[in-house]
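Just below is one structure, and these are the notes that go with it.
The values are calculated or read from the model by the stated rules, or taken from the named source; none is laboratory data. In this text, all values refer to a predicted model and were calculated from it rather than measured experimentally. Here the Cβ positions follow ideal geometry from the backbone for every residue, glycine too, while neighbour counts run over all protein chains shown.
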Amino acid sequence: MKYFVNDSCIGCGLCAMSCPEVFEMIDSGVAIATEGEVPVGVLDTAAQAQSGCPVNAIENED
Ligand code: SF4
């Protein structure tokens, strides 16, 4: 599973707080997702971060 953040991100910071292993805030004020496969142990929290995004800016691909 890989995640990425699209242009809808409003920079609320929720994803980086709930799953810092995958999401981080960058200087421009939006979130980015770590490149590459999400480790198995982090899949649940990454999925929660995705569903918690208020603007559905987090997308994923298998
Ligand atoms: S939760 Fe959504 S809107 Fe908030 S920083 Fe993360 S990607 Fe951006």
Qualifying residue in the stretch 45-59 (condition: near the ligand (Cβ under 7 Å from one of its atoms) and within 13 Å of M1 (Cα to Cα)): yes
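One line per residue, one yes/no per condition, for (1) surrounded by fewer than 17 Cβ atoms within 10 Å (Cβ to Cβ); (2) at pLDDT below 95; (3) assigned to a strand (DSSP E or B):
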site	(1), (2), (3)
F4	yes, no, yes
D7	yes, no, no
S28	yes, no, no
A46	no, no, no
P54	yes, no, no
Filter pass, A16 being more than 11 Å from the ligand (Cβ to nearest atom) and either charged (D, E, K, R) or outside any loop (DSSP other than H, G, I, E, B) (or both): no
Residues located in the stretch 7-42, provided they are over 11 Å from the mean Cα position of the chain (by Cα) and either among the aromatic types (F, W, Y) or at negative phi (or both): D7, S8, I10, C12, I26, D27, S28, E37, P39, V40, G41, V42
